[in-house]
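Structure first, then comments.
The values are calculated or read from the model by the stated rules, or taken from the named source; none is laboratory data. Computed from a prediction, not measured in an experiment: that's the story for all the values here. Don't worry about glycine lacking a Cβ; one is built from the backbone with ideal geometry, like all the others, and counts go over all protein chains shown. SASA here: full protein model, heavy atoms, side chains in, ligands and nucleic acids out. Shrake-Rupley method; radii C 1.70, N 1.55, O 1.52, S 1.80 Å.
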Amino acid sequence: MVKLLLCTDMDRTVIPNGMQTEAVDARKTFTHFCDLPTVNLVYVTGRHLALMQQAVREYQLPQADYAITDVGTRIYHYQNHQWHPITAWEKEIDQDWQNSDLKVEPKQIYDLLSSIPGLSLQEFEKQNSHKISFYIDLKKLDEQACLTQVKKQLAPLNIQTNLIWSIDETSHTGLLDILPPKANKLHAIEFLQHYLGYAAQKVVFAGDSGNDLEVLISPIQSVLVANATAELKQQALELVKQRGTEQQFYQAINTSHNNGNYSSGVLQGVMHYLPEFTQLIHNVSQSAETQITLFGEVLFDCFSQQGQEMQVLGGAPFNICWHLQALGDNPIFISRVGDDVLGKKIIQQAIDWGISTDNIQVDEQHPTGQVQVTFIEDEPHYDIKINSAYDFINQAETSLPNPKGILYHGSLALRTDAAKKQFQKLVDSGDWDIFLDVNLRAPWWDKHSLIQWIKQAKWVKLNIDELRELGFVQSNLETAIKAFQMEFGNEQVIVTQGAQGVTVLTADGFFKETPDKINQFIDTVGAGDAFTAVYMHGLIKNWSTQQTLATAQSLASKIIGIRGATPNNKSFYQSLLADSIQTS
């Protein structure tokens, strides 16, 4: 799959702050698409960095990988949860504002223009050493008069400038940015393209206004969103014809599927230039209906096999996340790893698989989790290390633009009082439907806490031994499950029974599924996690309970035939993905 460098303006391009309406779920689909590892997202904006970050939070936009801010005068790279300036860009544009080896300072420009009626300096935070910005009173100055007077006043400085004129439609205020000639959106995108080594056919830009025009009519593949003004659309069409760049210009339109405004128009353009992304965008559009967020441990399961130690990536929440990503659901995973070799290995494997690592926190004081796995009569037994990084997940460090949907958790990651408090903060911060996966592993649970978690869960999954240990010992399994549901009020109770299959109680009654004969048996590690992943996949795809159970049992049976809990090839899921497409 082609890796895309998607560069987009923000205001009235992906931010729906214009007069036109936004297509339903378009921003959510755009966010899920940009979260994929096949996309490098770049915000290209007149905003300064802090204002850009504020917009991302306010409008629940995806986290960008790069940012071209301040109308092209700054470029940043987002790495290790921080923005880092690309100083090579600042050095390049610095050359334009040299006069006889002396750099022209912004104050000199302010002073020369202060006498022009109708110009007023924008706020301090909107200025920098390569960008001087003014508001324009349109009752006193139109575009031609303004630019003519500014050029005349700046002539004594004998420097090159790039004057960017635009109008804020919502306030009907003129905007003027004075920049070095190289400091513009077009040159900044070209710089970043070459800096990152992208071919031209892998770069797409989207915009909506006059200060995007130089890119829209350039050889860069560009998208003009449908909510742009009629005047700009006409101007852009005329200019691309003059320049011979018609093939690199796409105007988003209102279709039966979306209205082409804002982010829906951006995605339209991506599909126009790179049709191989069409199915991927369709898939994330479907999964955008309900987001799955997982909270809990990621660790290494350590096995001893034929005298050699093996380390296999594991932890129930991470295993489930792994499967959901392969099924195209783009889950959010909240966990914590140590600042160590194993932690780096986890993050790299997550990235390689396509899992977003935005919410995998790094702990400098506690090690990445490990579990020693031994087998007694083919059943795994676990020696779980204490004070692991995942015991110290910090809710304040999470980045959740839209905290709602299904929230999955087990009980192992909540074995400490601190972890319980952090998890409850997460629960209280959003509008969640909770899926509880009960894990009664001594000594890492207490009944009082577990009962509270069961009561707040919509779905509860546990095995038959755990059901009995919690006091539901009726001889008839269905009677025991019904008693459990009556006591705790869960919408669905899912009870696994090993080789005997699974029994589920829903509002429509009981459903059962028994596994087919196992063709190859290696170990049962992760089989329950595979089942849970497909069960949640079925929930967001609105599968019938019986279809969900059959497919979930099928993946669990396949996992039994491999070492460890997760396959390393997505072809392993091919039949399940085919079922997903047919059933959704």
request  = Take the range 343-493, compute every pairwise Cα distance, and split them into 10 Å bins from 0; I just need the percent in each bin.
outcome  = 9, 33, 36, 18, 3, 0
query = So what is Rg over Rh here for the range 57-187, counting just Cα atoms and using Kirkwood for Rh?
reply = 1.00
ask   = What spacing in nm lies between the two simple spin-label points modelled at residue 568 and residue 479, each 7 Å away from Cα in the Cβ direction?
value = 5.0 nm
Förster radius 35 Å - calculated FRET efficiency between residue 282 and residue 196 (Cβ-Cβ, nearest 0.05) = 0.80
Cα pair count fraction exceeding 19 Å, expressed as % - the range 162-234 = 41 percent
Set 458/541; 3/541; 28/570; 345/541; 345/570 screened for pairs whose C-alpha atoms are more than 22 Å apart = 3/541; 28/570; 345/541
note = Residues meeting the amide H criterion for residue 363 (H placed from the backbone, H to H distance under 5 Å, 5 or more places apart or on another chain) are 337, 338, 339
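Between residue 376 and residue 416, how high is the FRET efficiency from 1/(1 + (r/R0)^6) when r is the Cβ-Cβ distance and R₀ = 22 Å? Nearest 0.05. Display every interim value, and only then the final one.
On the way: r = 28 Å, r/R0 = 1.26.
So, using R0 = 22 Å, E works out to roughly 0.20.
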Heavy-atom SASA rank of 107, 139 (probe 1.4 Å, accessible area, largest first) = 139, 107
message = For a quick check of understanding: with a 1.4 angstrom probe and all protein chains in place, what accessible area in square angstrom does residue 461 have, to the nearest ten?
response = 20 Å²
ask   = Shape call for the range 15-67 from the C-alpha gyration tensor, a ≥ b ≥ c root eigenvalues: rounded (a/c under 1.5), prolate (a/b greater than b/c) or oblate?
value = oblate
message = Give me the one-decimal nm value for the distance between modelled label points at residue 144 and residue 122, 7 Å along each residue's Cα-to-Cβ direction.
response = 2.6 nm
inquiry  = Counting each pair of different Cα atoms once, what's the Kirkwood radius of the range 243-389 in Å, rounded to one decimal?
reply    = 18.3 Å
message = Using the Cα atoms of the range 426-474, I'd like the radius of gyration and the largest Cα-Cα distance, Dmax, both in angstrom.
response = 11.8, 38
query = Which percent of Cα pairs goes in each bin when the distances of the range 43-95 are cut into 10 angstrom slices starting at zero?
reply = 25, 56, 16, 3
key: Inverse of mean 1/r across different Cα pairs in the range 1-101, Kirkwood, Å   = 14.8 Å
ask   = Share of the chain's accessible area from carbon and sulfur, percent, 1.4 Å?
value = 47 percent
task = State the three equivalent ellipsoid semi-axes of the chain, derived from the C-alpha gyration tensor as the square roots of 5 times its eigenvalues, in descending order and whole Å.
result = 54, 24, 21
query = What shape does the range 325-414 take by its C-alpha gyration tensor, where a ≥ b ≥ c are the square roots of the eigenvalues and a/c under 1.5 counts as rounded, a/b above b/c as prolate, and the rest as oblate?
reply = prolate
remark   = The summed charge of the residue 81 Cβ neighbourhood (under 12 Å; Lys/Arg +1, Asp/Glu -1) stands at -2
Residue 246 paired with residue 349, simple spin-label distance in nm, labels 7 Å along Cα-to-beta-carbon = 5.4 nm
